[in-house]
Amino acid sequence: MTSRIPVIFDTDPGVDDIIALLFALSSPELEVLAIVVSYGNTDIESAYANVLKTYQAVQRHLDVYPQHTNRFPNFFNSLKTIICRGSDGPLEGPLHSAIYSMEANCDISRDGLGGISESCPDLDVTSNPKQLDYSKESGIEVAINLLEKHEARSITYIAIGPLTNLARMMRQNSKLLSTKLGRIICMGGALDVPGNTTAVAEFNFFADPYAVRELLVPGEPCEFPFPSDRFLLLPLDITTPHQLPFPTYKDRVDTSFESSEPSGTPIAHFTSAFLTQTRNIMLQFGNDAMELHDIVAVWCAIAFPPFSDDSSMKETSVPGWKAVRRIFDIERQRFMIICFSTGELTRGMLVVDRREDESAYAPGANRAEVQASLDKTQFSGNLESIALPAQVELETAPLAKKKADSGIWCITETPGPDTLLKILFERVWGVSERMET
Ligand SMILES: *[C@@H]1O[C@H](CO)[C@@H](O)[C@H](O)[C@H]1NC(C)=O
C-alpha cells in the first residue's frame with residue numbers, strides 16, 4: 001500500500017461532520033494527525049464532546065466486534081491523533097452558530113447532535129477515550145507545529161467548519177502555510193445555488209466571511225500568499241446532490257432506526273440517535289434524506305492524490321472528478337458604531353462578477369446542453385428559465401480562458417452519489433453491496 005496521507009481535520013462537529021469524521025477514521029488512505037475542533041454547528045465545548053462521543057462509539061463497536069478492527073485504521077495510529085480546540089468565534093463580527101441562527105421553527109438542539117445525551121444517556125462520555133492525545137495548546141499552535149515537523153507539502157488540511165483557524169494560522173505564520181502546507185480541501189460557500197443558512201449563504205462561509213475573504217480573495221501582492229492554487233473548494237453546488245435517503249439508511253444500516261428499541265451495532269446506534277432529529281428537520285424542508293456536504297470533502301481528500309512539489313490542480317486529473325477555477329468575492333457584515341450596519345441580508349454570500357460574462361444573460365446558452373449537464377451532475381428537475389449555472393458555460397466561454405489562471409478551484413463533478421454511498425456504507429457501517437439475486 002502507498003503511504004497514508006497525513007491530515008489535519010478542522011471541524012465544527014455537528015451531524016454531517018461526525019459522519020465525515022467516522023469516514024476519515026475508517027479510511028486507510030488517510031492518517032489523521034489532529035482534529036482541530038471549533039465553533040460552528042454548535043459551541044466549541046459541545047463540538048469537542050461530540051468528537052469524544054464518536055471515539056467512544058467506535059470503541060464500543062470494537063469491544064463487541066473485535067473482528068472489525070481493520071475497518072478503523074485511524075483508530076490505532078502509532079502516534080495518537082491529537083485533539084485540540086481551535087477558534088471559538090469568527091475573526092471579526094458577531095458569533096453565529098447554527099443552533100442560534102437556524103430558522104426559528106427548526107427544533108435544533110444545543111449539542112449539535114440532536115440532543116442525544118438526553119435521548120440516549122448511554123452515549124454520554126464517561127471517560128476520555130484513550131486513542132486520543134489531548135493537547136492543551138490551541139488548534140492553531142498544534143497545526144503550525146505539525147506543519148513545521150512534517151515534510152514540506154505533505155499535509156492535507158481538511159476544513160469542514162468555518163475558515164477561522166486557517167486565517168489565524170495565516171496571520172501568524174504566512175511563510176509556513178505558503179511553503180509547507182500541501183493542500184487544503186474545504187467545504188463551503190454557495191456559488192450558483194441558494195444558500196442553506198440564509199437565502200444566499202452556506203453555513204461555514206456565513207459563520208466567518210472575514211476569514212474567507214482574507215484567504216481566498218486576492219489582496220495586495222505579498223511575499224508569502226495563501227496557497228490558493230492548492231486549495232480545493234466543494235461548495236453547496238456540488239455537495240447538495242450527494243444525499244443519503246433515510247429509508248435507505250434504515251433498510252441498509254439500521255432497521256431499528258427511529259424505534260424505541262435500538263438493535264443496531266454500536267456505531268449504528270450512535271448515528272441513528274442523532275439522525276432521528278436530522279430526519280425530522282429535513283422532512284420540514286420536504287426532503288427525506290440527509291445531505292452529505294462534509295462527507296463529500298473527505299471523499300475528495302481520499303480521491304485526489306496530494307500535489308507533489310511543483311504541481312497543483314492544473315496538472316492533476318482524477319477520473320470521474322472535475323474542477324474549474326472560479327473568481328468570487330464574499331459579503332461580510334460590518335457593524336459600525338452609530339452608522340448603519342451593512343450586509344444585513346447577504347453576509348457570507350459569494351459574489352460572482354458576471355458583467356463581462358455574456359453567457360450569464362439568459363437565454364443565451366444552449367439549454368439542451370445545460371440540461372444534459374445538470375442531469376449529469378444529478379440535479380433533478382427542469383432548468384428554470386434563467387437558472388443558467390455559470391460553471392457550465394464557463395468552460396466554453398472565451399472568458400474562461402482569460403480567467404483560467406486565477407480564481408479558486410471548485411469541484412464541479414464527482415463520480416456521483418451512488419459511488420459515495422457505496423464507499424460510505426462499507427467503511428462507516430460495514431455494510432457491503434447487496435448481492436444481486
Ligand atoms: C448547511 O451546510 C453545512 C455544510 O457545511 C452543513 O453543515 C449544515 O448542516 C447545513 N445546514 C442546513 C440547514 O442544511
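The values are calculated or read from the model by the stated rules, or taken from the named source; none is laboratory data. Predicted model, so just to flag it, every value in this text is computed and none were measured. FYI the Cβ positions are ideal-geometry reconstructions off the backbone, even for glycines, and counts take in every protein chain you see.
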Query raised in the report: Which is surrounded by 21 or more Cβ atoms within 10 Å (Cβ to Cβ), part of a helix (DSSP H, G or I) and more than 16 Å from the ligand (Cβ to nearest atom), of His61, His68?
Result: His61
Query raised in the report: Just for the range 1-29: of the residues that are within 16 Å of the ligand (Cβ to nearest atom), assigned to a strand (DSSP E or B) and not hydrophobic (A, V, I, L, M, F, W, C), which one is surrounded by the most Cβ atoms within 10 Å (Cβ to Cβ)?
Result: Asp10
**Report entry** Residue match in the range 168-180 (condition: closer than 23 Å to Lys314 by Cβ, within 12 Å of the ligand (Cβ to nearest atom) and among the aliphatic types (A, V, I, L, M))
**Finding:** no
Report summary line: When restricted to Thr239, Thr248, the only residue β-branched (Val, Ile, Thr), within 28 Å of Gly188 (Cβ to Cβ) and crowded, with 20+ Cβ neighbours inside 10 Å is Thr239
Requested in this report: Hey, can you tell me all the residues within the range 181-207 that are crowded, with 24+ Cβ neighbours inside 10 Å, within 12 Å of the ligand (Cβ to nearest atom) and not in a helix (DSSP H, G or I)?
Outcome: Cys186, Met187, Gly188, Gly189, Ala190, Ala201, Glu202
Query raised in the report: Regarding Leu283, is this residue in a helix (DSSP H, G or I), over 18 Å from Phe328 (Cα atoms) and without any contact (Cβ under 8 Å) to a residue 24 or more places away in the chain?
Result: yes
Requested in this report: Taking Thr54 as meeting all but one of (1) within 16 Å of the ligand (Cβ to nearest atom); (2) surrounded by fewer than 23 Cβ atoms within 10 Å (Cβ to Cβ); (3) within 21 Å of Ile267 (Cβ to Cβ), write down the number of the exception.
Outcome: (2)
Report summary line: Restricting attention to the range 288-326, the residues that are loosely packed, with under 15 Cβ neighbours inside 10 Å and modelled with pLDDT of 85 or more number exactly 4
Query raised in the report: Mind checking which residues of the range 219-274 are under 22 Å from the mean Cα position of the chain (by Cα), more than 24 Å from Leu113 (Cα to Cα) and not in a helix (DSSP H, G or I)?
Result: Phe226, Pro227, Phe231, Leu232, Leu233
